[in-house]
Amino acid sequence: QYHYLQLEEVPRVLEILAAAGLHSREACGNSVRNVTSCPFSGVCRDEPFPVLPYAQAVARFLLRHSAAQMLARKFKIALSGCASDCAAAAIHDIGAIAATRTRNGRQEDGFRILVGGGLGAVPFAAQTVAEFVPADEILVACEAILRIYSRHGNRRNRARARLKFVVQQWGVDS
């Protein structure tokens, strides 16, 4: 959000941001507001693999995606690289925490997927919806959760329009 800019300053500010790879698309309104990752991605000794490239892929995938438009309310996603959850996945609409498993004798990267976290007047800790989603399926998983929220988010009552209330009503097994 930009505050206290004079109208004539806006074009130059947007140019500076664009040069740094930043933009204001979907920064407001009922859309995917942000996709964040662990600030220590790539250097954390406890992470099984860096999550930043996956967070960037999710952000690019959902930017201007039809499923990410006209939601019931804002939507936030976080990817953490290790169990300490530096990106606070547990308080986001979708949280993904890096995990690995061994399958057919090979290590496979993936994520434990959490849904329905949030703060505000009615705080909720996200619940695990999948113990392991292969890393190459993170986009599909985020899109599926987003579509459920888009279809079933409460558009009549803004105070109850977050994914946490859909999860509270349905549970994660529905």
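The values are calculated or read from the model by the stated rules, or taken from the named source; none is laboratory data. Just so it is clear, the model here is predicted, and its values are computed rather than measured. For neighbour counting, all protein chains shown are included, and Cβ atoms are generated from backbone atoms with ideal geometry for every residue, glycine included. SASA here: full protein model, heavy atoms, side chains in, ligands and nucleic acids out. Shrake-Rupley method; radii C 1.70, N 1.55, O 1.52, S 1.80 Å.
Got a sec? Which of VAL58, VAL43 is among the β-branched types (Val, Ile, Thr) and in a loop (DSSP other than H, G, I, E, B)?
After applying the criteria, what remains is VAL43.
Within region 88-111, which residues are closer than 18 Å to LEU146 by Cβ and of a type in the set (A, V, I, L, M)?
Passing the criteria: ALA89, ILE91, ILE94, ALA96.
Scan region 1-10 for residues that are more than 24 Å from the chain's Cα centre (by Cα) and within 22 Å of ARG33 (Cα to Cα) and jot them down.
HIS3, TYR4, LEU5, VAL10, listed by residue number.
Looking at region 78-146, what strands (runs of 3 or more DSSP E) fall wholly within it and have at least 2 residues that are open to solvent by 20 Å² or more (accessible area, probe 1.4 Å) and within 23 Å of VAL166 (Cβ to Cβ)?
127-134
From HIS3, HIS23, HIS65, which residue is surrounded by fewer than 19 Cβ atoms within 10 Å (Cβ to Cβ) and touching a residue at least 12 places away in the same chain (Cβ under 8 Å)?
One residue alone meets the criteria, HIS65.
May I ask you to list the residues in region 117-133 that are hydrophobic (A, V, I, L, M, F, W, C) and in contact with a strand residue (DSSP E or B) (Cβ under 6 Å, 6 or more places away or on another chain)?
Across region 117-133, the qualifying residues are PHE124, ALA126, VAL129, ALA130, PHE132, VAL133.
Yes or no: ALA159 open to solvent by less than 60 Å² (accessible area, probe 1.4 Å) and either in a helix (DSSP H, G or I) or among the basic types (Lys, Arg) (or both)?
no
Could you give every pair whose Cβ atoms fall below 7 Å, whose first residue belongs to region 122-134 and is under 8 Å from PHE111 (Cα atoms), and whose second residue is part of a strand (DSSP E or B) and open to solvent by 60 Å² or more (accessible area, probe 1.4 Å), counting only separations of at least 6 or pairs across chains?
Filtered contacts from region 122-134: GLU131/ARG112; PHE132/ARG101; PHE132/ARG112.
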